[in-house]
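Enquirer: Here it is, the structure, as C-alpha cells.
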Amino acid sequence: MLKKTSLALGGAALFLAWNGLLLLFLWSRPGAVPNAQNSQNSQNSQNPQLLPAQLLQLAQDAEAELRLQRELLLQIQRLNQMRRQKTPKPARNEAEEPPVIPVLVLACDRSSVRRCLDKILRYRPSARRFPVIVSQDCGHAETAKVIASYGPAVAHIRQPDLSDIAVPPEHRKFQGYYKISRHYRWALGQVFRTFRYRAAIVVEDDLEVAPDFFEYFQAVLPLLQRDPSLWCASAWNDNGKEGLVDAGRAELLYRTDFFPGLGWLLLAELWDELEPKWPPAFWDDWMRQPEQRRGRSCVRPEVSRTMTFGRKGVSHGQFFDQYLKFIKLNDRFVPFTQLDLSYLKKDEYERFFLQQVYSAPEIKLDELQKGTGRDLGAVRLQYRGRDSFKALAKALGLMDDLKSGVPRAGYRGIVSFVCRGRRVFLAPPSDWTGYDPSWS
C-alpha cells in the first residue's frame with residue numbers, strides 16, 4: 001500500500017512539474033507577455049485590443065496541453081491495470097503466512113479476567129496472528145478498568161444493550177442465561193460481521209490456557225476447513241480430571257459428538273449457519289441438540305488445554321466442586337503443527353478407533369476396580385441403556401449427564417478415559433445405531 005501511494009504521489013509531482021514548465025514556456029514566447037519596454041512602446045506601436053486576445057490564446061493553448069497530458073496519464077494508468085491483471089499472482093505459501101485467528105474473550109463482572117488475559121498474552125506466539133478481543137457485558141467498572149490496563153495489547157469492545165430481557169415467568173431466575181446468550185450473539189457478530197475474520201477462538205473470562213493452547217488451535221484449523229463432518233475444535237475434555245487422563249500422552253486428540261465449549265474454535269461459515277436461529281438462552285445446550293449438530297463432531301484433547309477457575313457465575317457453581325476444579329491442565333508443549341493429524345478424518349478415525357474399542361476385551365466393573373492396570377492393555381466396559389450408562393459413569397467418577405442422548409466426550413456413544421493406569425472404553429454394543437434423544 002505504501003509503495004502504491006508513493007508511486008501515485010510521484011506521478012502527481014511529475015505532472016505538476018511538467019505543466020509548470022509548460023506554462024513557463026508558453027508565457028516566455030515572444031510577444032506572449034509584454035516587457036517594460038514593449039509596454040511603453042505599445043502605446044505607440046501596438047493595438048491595445050491585442051493583449052486580451054493574446055492572453056485568451058495562451059489560456060487555450062495551456063488548456064489543450066493539459067487535456068493532452070491528462071489523456072496520456074489515463075493511458076498509462078489503463079496500461080498498468082492491464083499489466084497487473086495479466087501478471088499471475090504468486091502461490092500463497094501457507095507455511096509462510098499462517099492464518100489470523102482472533103481470540104474472543106467474553107467478560108462481564110469478573111476482575112479476575114486478568115488471570116485469563118495474562119496467560120493468553122504470555123503464551124500467544126504472535127500478536128498479529130492471534131489478536132485478542134475482549135467483549136464486555138454488564139458494564140462493570142472495575143472489570144473495565146482491568147481490561148483497559150492492557151492498553152493496545154487487547155481490543156476492548158462493549159456490549160451496548162445492558163437492559164433486562166423479558167423472559168417467561170418460570171425462567172425469571174434464569175435471566176443471566178438470557179443475557180449471556182445475547183452477549184454471545186453480539187460478540188460473535190462483531191468478530192465475523194464487523195471485523196470480518198474467517199475463524200475465531202472463543203474463551204470466557206474464567207478460563208486459564210495451557211502453554212500449547214495456540215499451537216493446538218493452529219494445527220486443527222485446517223481440519224475444520226477441509227472436513228465438513230467437523231464443526232468445532234475444543235480445548236476441553238469434560239472427563240479430564242487428574243487420574244482419568246494419560247498425562248504422558250498429551251498429544252492424543254479425539255473426535256467427540258458432544259459439544260464441549262470452554263475454549264473452542266469455529267469458522268465464519270458456521271456462524272453464518274447459526275446466527276439466524278441463535279437461541280435466546282442456554283446457547284451451549286442448544287448447540288448440543290441434533291438440529292444444530294446435524295451429525296457433526298468436534299475435536300477434543302486427551303488432556304485439557306483450558307481449566308476454569310470461575311466457581312462464581314450464573315450456574316452457581318454447578319459441577320464446579322465435583323468435577324471442574326479437578327480438570328488437569330496440560331503443562332507441557334506439544335508441537336501439534338508438526339504432527340500428522342490426518343487420523344482425525346472421519347473415515348480413517350472410525351476405522352482405527354472402532355477397531356481399537358471393540359477388539360478390547362470386555363470386563364466387569366469390579367474386575368476393573370480391583371486391578372492396578374499398570375502396563376496392561378485397553379479394556380471395554382459395556383452399557384446397554386441410559387440407566388446402565390449413568391450407573392457406570394458415576395461409579396468411575398465420570399460426568400454422567402447426557403444431552404440429547406450424547407454422553408460428555410463421547411463418540412458414537414463411546415467414552416474413552418483412564419482408570420488405574422489402564423485405558424478404558426465405556427461403550428454401547430457394537431451394533432449401536434445412534435443416539436436416543438430421550439436419554440437426558
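The values are calculated or read from the model by the stated rules, or taken from the named source; none is laboratory data. Quick caveat, the model's predicted, so the values are computed rather than measured. Positions of Cβ are backbone-derived with ideal geometry, glycine not excepted, and every protein chain shown enters the neighbour counts. Surface areas here come from the heavy atoms of the whole protein model, side chains and all, with no ligands, DNA or RNA. Shrake-Rupley method; radii C 1.70, N 1.55, O 1.52, S 1.80 Å.
Enquirer: Return the distance in nm (one decimal) between the two label points of a simple spin-label model at D400 and K145, each offset 7 Å from Cα along Cα→Cβ.
Expert: 4.6 nm
Enquirer: Another question, then. Determine the share of the stretch 103-329's accessible area contributed by carbon and sulfur atoms, expressed in whole percent, with a 1.4 angstrom probe.
Expert: On the way: 4760 of 9280 Å².
The value for the stretch 103-329 is 51 percent carbon and sulfur by accessible area.
Enquirer: Probe of 1.4 angstrom, ligands and nucleic acids ignored: what's the accessible area per residue over the stretch 360-427, in square angstrom?
Expert: Result: 42 Å² of accessible area for each residue.
Enquirer: Does the stretch 103-329 classify as rounded, prolate or oblate by the C-alpha gyration tensor (a ≥ b ≥ c root eigenvalues; a/c under 1.5 gives rounded; else a/b over b/c gives prolate, otherwise oblate)? Write out the running numbers ahead of the final one.
Expert: Numbers: a/c = 1.25, a/b = 1.16, b/c = 1.07.
Rounded, because the longest to shortest axis ratio a/c is under 1.5.
Enquirer: Moving on. Going down the table (K370/K394; K364/K394; K241/K370; K173/K390; K325/K394; K119/K328), which pairs top 22 Å between alpha carbons?
Expert: Working: K370/K394 17 Å; K364/K394 15 Å; K241/K370 20 Å; K173/K390 28 Å; K325/K394 17 Å; K119/K328 16 Å.
Result: K173/K390 exceed 22 Å.
Enquirer: Can you run the Rg to Rh ratio on the stretch 360-427? Use alpha carbon positions and the Kirkwood inverse-distance Rh. Please list the in-between numbers first.
Expert: Values: Rg = 11.4 Å, Rh = 12.1 Å.
So for the stretch 360-427, dividing Rg by the Kirkwood Rh gives 0.95.
Enquirer: Which of rounded, prolate or oblate describes the stretch 174-229 when judged by the alpha-carbon gyration tensor and an a/c cut-off of 1.5? Write out the running numbers ahead of the final one.
Expert: On the way: a/c = 2.15, a/b = 1.42, b/c = 1.51.
Oblate is the answer for the stretch 174-229, as a/c is 1.5 or above yet b/c matches or exceeds a/b.
Enquirer: Then there is this: Under a crude label model (7 Å from the Cα following the beta-carbon direction), how far is E242 from F352 in nanometres?
Expert: 3.1 nm
Enquirer: Compute the distance in nm between two label points, each set 7 Å from the Cα along the Cα-to-Cβ direction, one at E362 and one at A268.
Expert: Distance between the two pseudo-spin positions: 5.0 nm.
Enquirer: Over the stretch 103-329, average the accessible area per residue using a 1.4 Å probe and give it in Å², no decimals.
Expert: Working: 9280 Å² over 227 residues.
For the stretch 103-329, the per-residue accessible area is 41 Å².
Enquirer: Tell me which residues come under 5 Å, amide H to amide H, from R158 once H is placed; ignore anything under 5 positions away on its chain.
Expert: Answer set, sorted by chain and number: Q136.
Enquirer: Alpha carbons only, please: Rg and Dmax for the stretch 298-440, in angstrom.
Expert: 16.3, 44
Enquirer: Further, regarding this structure: Whole-Hz ³J(HN,Hα) for each residue in the stretch 127-144, computed from phi via Karplus 6.51 cos²θ - 1.76 cosθ + 1.60 with θ = phi - 60°, x for glycine and proline: what do you get?
Expert: Along the stretch 127-144, the couplings run 5, 6, 7, 10, x, 9, 10, 9, 9, 10, 9, 6, x, 6, 5, 5, 5, 4 Hz.
Enquirer: Let me ask another. Students sometimes get this wrong: rank L426, L339 by accessible area, probe 1.4 Å, all chains present, largest first. Working shown, then result.
Expert: Details: L426 0, L339 75 Å².
Correct descending sequence by accessible area is L339, L426.
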